[in-house]
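Q: Structure in structure tokens, see below.
The values are calculated or read from the model by the stated rules, or taken from the named source; none is laboratory data. Please read these numbers as outputs of a predicted model, since none were measured by experiment. Cβ coordinates were reconstructed from backbone atoms using ideal geometry, including for glycine residues, and neighbour counts include every protein chain displayed. Please note that ligands, DNA and RNA were not included when accessible areas were found on the heavy atoms of the full protein model with its side chains. Shrake-Rupley method; radii C 1.70, N 1.55, O 1.52, S 1.80 Å.
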Amino acid sequence: MINAVSEKPTLLMSSRNHSQDPVRASSSVTPPPINSFPAYPASWYLFCRASDLRKPHSKRILGRQLVAFHTRSGKIAVIAARCSHMGADLGRGKVIGEFIQCPFHNWKYGADGVCNHIPGTSTIPGFARQTSYPAVERHGFVFFFNGPEPLFPLPFFFDANQHEFSAGKIFSYISDCTWFVNAAHGYDTQHFDAVHDRKLLAPSQIDCPNPFARRNRYRAEVLGRTKLDKLLKIFAGRTVEITITNWGGTFVVITGDFDRAHSRFIIATQPLDGGKTLCEGIVFAPRANNPLARALLEPMALAVRRFFTYGYLKDEASRLLGTRYDPGTMIPHDRDMIDFFNWVVALPQSVRNSSLATSPAKAEDSIPDRFAQPIVSADSTGTSSTTPA
Ligand code: FES
Ligand SMILES: [Fe+2]
């Protein structure tokens, strides 16, 4: 298992789908059944701010309790939080050197999740290990991959060097719909006009620049009459070229090139209980070279970008309230969304993920956690819920 992964591109394909066209996105008119979507896709997720790790930080995420910590040498770890001995929360423990120590009986685990010390005995049982997740710290945030190996590197903007950018503070909102309905609106041509007051100036271009990435590019005119859009037109310009790239189903990288301004941000989403989706946004601005500009201008540039970006997105959350996926109600006009749904269900998931969850309760609380991957199913009301694979 890998804990701290290199940010150099490594692409590990697993068995389900080797056929994605790297240039042209394929097309189909039949939407997939709801039970073909994984509840917690193999993708990158935002865990916390790096500054939260002055001590171990434990939280419930992806239907399980995980803990992140920094070892003394600076290695970052994200592992299952419920101790393999009797389930105490390692987030209440402490870091000693390269290990995290359980608060209950002082068992110690490394960043790879393996127990290497039990007080009073030299025999370490085989079950004494925590599931560990590949983790990366970038721009002051901790991200982890839901799987034993990252299937693709932590995404950034294709044309940009991450070291040349600074990140703003997180903004967040909850979409009252599943992760895949939330993600599909990046390919929902009708909503650009209806929700965002953007008039497409040409048909959108959709392609797959990477087997795990689906990109939508379009040029639009800003029509909005809200105060925010009026300001945007004055300061940034009337037309914009948008690029939305979805990685792994849940991690979205967005650029907006206006006549006089450039916007870049990511939306890291995560499925929540009850079929909702947490969306956490981070805006980026070019890093200033001189320290004075970095101290004075950079925070302002980031705050302005955050203001406009959050303003653009937050209204959308209320429009998504209660939206549900039903393949029977999709029409040919929804083709780009249907294509997205088919693409996302065909994405490779870690082979290990599928066979270990045996019930929703076990998937959430089993000790140790083993990449629980229930699938999403529709109950009789059409509301999504998670059930075991
Ligand atoms: S519960 Fe963690 S060491 Fe006993
Ligand atoms: Fe939108």
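Q: So what's the projected area for segment 124-189, the Cα convex hull averaged over all directions, in nm²?
A: On the way: hull surface 32.4 nm².
Over all viewing directions, segment 124-189 projects a mean Cα-hull area of 8.1 nm².
Q: Sorted by mean Cβ packing within 10 Å, highest first, what order do the peptides 79-90, 328-339 take?
A: Details: 79-90: 21.1, 328-339: 14.7.
By packing density, highest mean first, the sequence is 79-90, 328-339.
Q: Let me ask another. Tell me the per residue accessible area of segment 29-141 using a 1.4 Å probe; a whole number in Å² is fine. Please list the in-between numbers first.
A: Working: 4570 Å² over 113 residues.
Accessible area per residue: 40 Å².
Q: Same structure, new question: For R238, what is the net charge nearby, where nearby means another residue's Cβ is under 9 Å from its Cβ and Lys, Arg count +1, Asp, Glu -1? Don't skip to the answer; put the middle values down first.
A: Values: positive: K233; negative: E221, D259.
Local charge sum for R238: -1.
Q: Can you tell me which aspartates and glutamates have their Cα less than 14 Å from the Cα of K230? Leave out same-chain residues fewer than eight positions away.
A: Within reach: D197, E221.
Q: Please work out how much accessible surface S204 shows to a 1.4 Å probe, ignoring ligands, DNA and RNA, in Å² rounded to 10.
A: 30 Å²
Q: With no solvent and one point on each alpha carbon, what is the Debye value of log10 I(q)/I(0) for segment 150-233 at q = 0.14, 0.16, 0.18 Å⁻¹?
A: -0.75, -0.99, -1.21
Q: I've got another one for you. From the square roots a ≥ b ≥ c of the eigenvalues of the alpha-carbon gyration tensor of segment 88-218, which class results: rounded (a/c under 1.5), prolate (a/b over b/c), or oblate? Working shown, then result.
A: Details: a/c = 2.84, a/b = 2.66, b/c = 1.07.
It comes out prolate by the Cα gyration axes.
Q: Among K169/K227; K75/K169; K55/K169; K55/K108, which pairs are too far apart, with a Cα-Cα distance over 19 Å? Could you put the intermediate results ahead of the total?
A: Details: K169/K227 23 Å; K75/K169 23 Å; K55/K169 21 Å; K55/K108 15 Å.
Listed pairs above 19 Å: K169/K227; K75/K169; K55/K169.
Q: Based only on Cα atoms, what Rg/Rh ratio does segment 28-168 have, Rh being taken as Kirkwood's radius? Before the final figure, lay out each step's value.
A: Working: Rg = 17.3 Å, Rh = 16.5 Å.
A ratio of 1.05.
Q: Can you give me the solvent accessible area of K233 with a 1.4 Å probe, rounded to the nearest 10 Å²?
A: Solvent-accessible area, nearest 10 Å²: 40 Å².
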